[in-house]
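Values quoted throughout were computed directly from the atomic coordinates according to the rules given, and no laboratory measurement underlies them. The structure presented is a predicted model; accordingly, all values stated were derived computationally and were not measured. Every residue, glycine as well, gets a Cβ built from its backbone with ideal geometry; the counts of neighbours run over all protein chains shown.
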Amino acid sequence: MERRIARDEANPYHYFPHLTFPMVRFAGVSSGRRNFAVISGGLKENEALENEARTFTLAT
């Protein structure tokens, strides 16, 4: 599933204070040129922050 990081009106989840999403086995982010993925059996949530570094957070 693809989700927008930007919290603008085009993002259907823009009104949530935190955009954490369930993580069953894997999650990842892509810039179009570079990709990053995490595969795990114990992490529960993930979120990509709307900051300059595009921080990718994980929660147990």
Seminar exercise, completed: Selection from segment 41-60 of residues in contact with a strand residue (DSSP E or B) (Cβ under 7 Å, 6 or more places away or on another chain), among the small types (Gly, Ala, Ser) and over 15 Å from Arg4 (Cβ atoms) yields Ala59
Seminar exercise, completed: When (1) in a loop (DSSP other than H, G, I, E, B); (2) touching a residue at least 12 places away in the same chain (Cβ under 8 Å); (3) surrounded by 10 or more Cβ atoms within 10 Å (Cβ to Cβ) are applied to Asn46, the one that fails is (1)
Problem set entry | Flag if Arg33 is free of Cβ contacts under 8 Å to residues at least 12 places away in the same chain, surrounded by 10 or more Cβ atoms within 10 Å (Cβ to Cβ) and of a type in the set (Lys, Arg) | no
Seminar exercise, completed: Of the residues in segment 6-40, those that are assigned to a loop (DSSP other than H, G, I, E, B) and of a type in the set (Phe, Trp, Tyr) come to Tyr13, Tyr15, Phe16
